[in-house]
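Enquirer: Below is a structure I'd like to ask you about.
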Amino acid sequence: MSTLLVKSTRRSAAFLMLCAAGLYGAEMKAGVAKLEITPTTPLWMSGYAARTHPSDGVLVPLWAKALALESSKGRRIVMVTIDVVGIPRSVADEVAARVNKQFGLKREHLLLNASHTHTGPMVWPNLMNMAVIPPEEERKLIAYSHALTDALVSVTGAALNDLAPATVFYGEGSAAFAGNRRLPTPTGIKNSQNPDGPVDHRVPVLKILDRTGKVRAILFAYACHNTTLGADIYQFSADYAGYAQAALERKHPGVAAMFMILCAGDQNPYPRGTVALAEQHGNELADAVDRVLSGSMTPVSGPIRSTFKLTQLRLAPRSREDFQQELKSPVPAVVRRAELMLKAMDAGRRIDEVEYPVEAVRFGHSLTLLALGGEVTVDYALRVQREYHGEPVIAAAYSNDVMSYIPSARVLREGGYEAVDSMPYYGLSGPYATDVEERVFAAIHQVMAKVGR
Ligand SMILES: [Zn+2]
């Protein structure tokens, strides 16, 4: 082969290189961009109701990172991973409208995934009923939400501007620090590790190489709440996911390492509670990713097909009397929720429906990425694996909107935080109706059929 190359003209050598790339991974185009989104001043943090004051420092910077992949003109997807607790629908909609206007990017070609760090700023109005925020802090949060919107538009545009020939590979590893956090007790489900509960320990990894074979980006995913750090930590970080991204970027200089969170609604990192443990879990995840990168990975080919759908979920019926009763609750968020609901009922607004985004992205016959809104519990990921055989499916959650937990039928039946007690924080009237899992899956079946699965 080397003799042939030496004798070849420049043009045929380039041709041979293209063929070689074709052997190892079908060529696409990829663009990568990252923007730091760490607030520059102290801000109220989100994820825990117990916080009493704004942030007071930074442990690890927060990032928005974008990976644009294009298989041919118009067949593209831009995946944006964001180190915040959740992207509210209002921010997602504005970003989508602006990238459409500025870059011609359609809604189904954009995927926003929030890492669900509990040591990031609140993204107004996500989880606004979790705490009573002083008005001057609220103003700062609204300003941050606008700045974040601008950053997400910019990073999307920068990734699109960066598109250049690339090859993409997929592989899967595993990491074991995620545990099921719904422990059945005689008094109901308790938030504590349940060694017998379902988990999903897979670590899907995408590797993006440029034409010379150099790694440009790594996208890795895991189904685990980003909550090693508790409410006593007031410094910004993206928890284990931030440490994992930083470790991979240190080990692979010049590479963007992006974290996508999967169906982690009822999964916590164990053990938890200290910065050292967040770093330990991050390193464990980075090591799992590195093992995948150095092993044999499968080429990912086009064409890229994607589709985005909004569906309606229903909440269980609640009466005015229920909320009047809840005004006397000892839980402040329940009282605030009751006030909100009574006001909504007075104004004739519906309080029993939630709009829910579901997106599917398929790469040729090599890989499908399903992106669900909300804090989806792990049963969904396991059911997706049971229903879709053959080529791998990654089921991401916390995508395009985080409006609530999304309990499975089982979790809803059992009750507990993910089914009932978290709903006041999201300002929703109460638990979902019993058909929630079937409604989500009806939408999953539709978007999957649209991309040919
Ligand atoms: Zn959560």
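The values are calculated or read from the model by the stated rules, or taken from the named source; none is laboratory data. Keep in mind it's a predicted model, so treat the numbers as computed, not measured. No Cβ is skipped: glycine too gets one built from the backbone with ideal geometry, and neighbour counts run over all protein chains shown.
Enquirer: When residues of segment 126-142 are filtered for being assigned to a helix (DSSP H, G or I) and either modelled with pLDDT under 90 or crowded, with 20+ Cβ neighbours inside 10 Å (or both), how many remain? Step through it out loud before you land on a result.
Expert: Taking segment 126-142 first, the residues assigned to a helix (DSSP H, G or I) are 135-142.
Retained after the next criterion (residues that are either modelled with pLDDT under 90 or crowded, with 20+ Cβ neighbours inside 10 Å (or both)): 140-141.
Total meeting the criteria: 2.
Enquirer: Here are some residues: 147, 158. Which one is surrounded by fewer than 16 Cβ atoms within 10 Å (Cβ to Cβ) and modelled with pLDDT of 95 or more?
Expert: On the way: 158 fails: surrounded by fewer than 16 Cβ atoms within 10 Å (Cβ to Cβ).
Being surrounded by fewer than 16 Cβ atoms within 10 Å (Cβ to Cβ) and modelled with pLDDT of 95 or more holds for just one of 147, 158, which is 147.
Enquirer: To continue, here is another question. Working only within segment 214-273, note down all residues that are under 18 Å from residue 378 (Cα atoms), surrounded by fewer than 23 Cβ atoms within 10 Å (Cβ to Cβ) and more than 14 Å from the ligand (Cβ to nearest atom).
Expert: The answer is 270, and nothing else.
Enquirer: For segment 337-371, what are the residues that are crowded, with 21+ Cβ neighbours inside 10 Å and outside any strand (DSSP E or B)?
Expert: If the condition is that a residue be crowded, with 21+ Cβ neighbours inside 10 Å and outside any strand (DSSP E or B), then 337, 338, 341 are the ones that fit.
Enquirer: Do the conditions hold for residue 197, that is, is it assigned to a loop (DSSP other than H, G, I, E, B) and over 23 Å from residue 332 (Cα atoms)? Break it down into steps so the answer makes sense when it comes.
Expert: Values: assigned to a loop (DSSP other than H, G, I, E, B): yes; over 23 Å from residue 332 (Cα atoms): yes.
In short, yes.
Enquirer: Let me ask you something else. Give the residues of segment 27-50 that are of a type in the set (Ser, Thr, Tyr), in contact with a strand residue (DSSP E or B) (Cβ under 9 Å, 6 or more places away or on another chain) and away from the ligand (no atom under 16 Å from the Cβ), sorted by residue number.
Expert: The one that is of a type in the set (Ser, Thr, Tyr), in contact with a strand residue (DSSP E or B) (Cβ under 9 Å, 6 or more places away or on another chain) and away from the ligand (no atom under 16 Å from the Cβ): 38.
Enquirer: Any residue in segment 60-68 that is part of a loop (DSSP other than H, G, I, E, B), in the same structural domain as residue 229 (by TED's automatic domain parsing) and within 19 Å of residue 160 (Cβ to Cβ)?
Expert: Residues of segment 60-68 part of a loop (DSSP other than H, G, I, E, B): 60-62.
From the residues that got through so far, the ones that are in the same structural domain as residue 229 (by TED's automatic domain parsing) too are 60-62.
This time we only want the ones that are within 19 Å of residue 160 (Cβ to Cβ), so: none.
No: zero hits.
Enquirer: Name the residue that is farthest from residue 358 (Cα to Cα), counting only residues in segment 282-310 that are charged (D, E, K, R) and either in contact with an Asp or Glu (Cβ under 9 Å, 6 or more places away or on another chain) or assigned to a strand (DSSP E or B) (or both).
Expert: Applying the filter and picking the extreme gives 305.
Enquirer: Mind counting the residues in segment 401-416 that are more than 9 Å from residue 114 (Cβ to Cβ) and within 16 Å of the ligand (Cβ to nearest atom)? Before you say what the answer is, go through the steps one by one.
Expert: Kept after step one, since they are more than 9 Å from residue 114 (Cβ to Cβ), are these residues of segment 401-416: 401, 403-416.
Still in the running and within 16 Å of the ligand (Cβ to nearest atom): 401, 403-408, 411, 416.
Residues flagged as more than 9 Å from residue 114 (Cβ to Cβ) and within 16 Å of the ligand (Cβ to nearest atom) within segment 401-416 amount to 9.
Enquirer: Hey, among 156, 149, 185, 167, which residue is without any contact (Cβ under 8 Å) to a residue 12 or more places away in the chain, polar (S, T, N, Q) and away from the ligand (no atom under 16 Å from the Cβ)?
Expert: Values: 156 fails: without any contact (Cβ under 8 Å) to a residue 12 or more places away in the chain; 149 fails: without any contact (Cβ under 8 Å) to a residue 12 or more places away in the chain; 167 fails: without any contact (Cβ under 8 Å) to a residue 12 or more places away in the chain.
Only one candidate qualifies: 185.
Enquirer: Being in the same structural domain as residue 39 (by TED's automatic domain parsing) and touching a helix residue (DSSP H, G or I) at 6+ places or on another chain (Cβ under 6 Å) is true for just one of 261, 189, 208, 233. Which residue is that? Steps first, answer last, please.
Expert: On the way: 261 fails: touching a helix residue (DSSP H, G or I) at 6+ places or on another chain (Cβ under 6 Å); 208 fails: touching a helix residue (DSSP H, G or I) at 6+ places or on another chain (Cβ under 6 Å); 233 fails: touching a helix residue (DSSP H, G or I) at 6+ places or on another chain (Cβ under 6 Å).
Of the residues listed, the single one that is in the same structural domain as residue 39 (by TED's automatic domain parsing) and touching a helix residue (DSSP H, G or I) at 6+ places or on another chain (Cβ under 6 Å) is 189.
Enquirer: Which of the residues spanning segment 204-233 are outside any strand (DSSP E or B) and over 19 Å from the mean Cα position of the chain (by Cα)? Write out each step before concluding.
Expert: Start the filter on segment 204-233 by keeping residues that are outside any strand (DSSP E or B), which leaves 211-214, 223-225, 227-233.
Of everything in segment 204-233, those that are outside any strand (DSSP E or B) and over 19 Å from the mean Cα position of the chain (by Cα) turn out to be 211, 212, 213, 214, 230, 231, 232, 233.
Enquirer: Among the residues of segment 51-92, count how many are surrounded by fewer than 24 Cβ atoms within 10 Å (Cβ to Cβ), within 16 Å of the ligand (Cβ to nearest atom) and under 21 Å from the mean Cα position of the chain (by Cα).
Expert: Residues flagged as surrounded by fewer than 24 Cβ atoms within 10 Å (Cβ to Cβ), within 16 Å of the ligand (Cβ to nearest atom) and under 21 Å from the mean Cα position of the chain (by Cα) within segment 51-92 amount to 1.
Enquirer: Looking only at segment 93-128, which residues are away from the ligand (no atom under 15 Å from the Cβ) and touching a Pro at 6+ places or on another chain (Cβ under 8 Å)?
Expert: 121, 124, 125
Enquirer: Further question on the same structure: Return yes or no: is residue 404 touching a Ser or Thr at 6+ places or on another chain (Cβ under 8 Å), farther than 30 Å from residue 208 by Cβ, buried (at least 24 other Cβ atoms within 10 Å of the Cβ) and without any contact (Cβ under 8 Å) to a residue 40 or more places away in the chain?
Expert: It is false that residue 404 is touching a Ser or Thr at 6+ places or on another chain (Cβ under 8 Å), farther than 30 Å from residue 208 by Cβ, buried (at least 24 other Cβ atoms within 10 Å of the Cβ) and without any contact (Cβ under 8 Å) to a residue 40 or more places away in the chain.
Enquirer: Has segment 198-205 got at least one residue that is touching a strand residue (DSSP E or B) at 6+ places or on another chain (Cβ under 9 Å), farther than 30 Å from residue 69 by Cβ, within 16 Å of the ligand (Cβ to nearest atom) and touching a residue at least 12 places away in the same chain (Cβ under 8 Å)? Steps first, please.
Expert: Within segment 198-205, the subset touching a strand residue (DSSP E or B) at 6+ places or on another chain (Cβ under 9 Å) is 198-205.
So of that shortlist, the ones also farther than 30 Å from residue 69 by Cβ come out as 198.
Among the residues that remain, those that are also within 16 Å of the ligand (Cβ to nearest atom) are: none.
No.
Enquirer: Conditions first: (1) outside the structural domain of residue 132 (by TED's automatic domain parsing); (2) modelled with pLDDT of 95 or more. Residue 333 passes all but one, so which condition is the exception?
Expert: Condition (2) is where residue 333 drops out.
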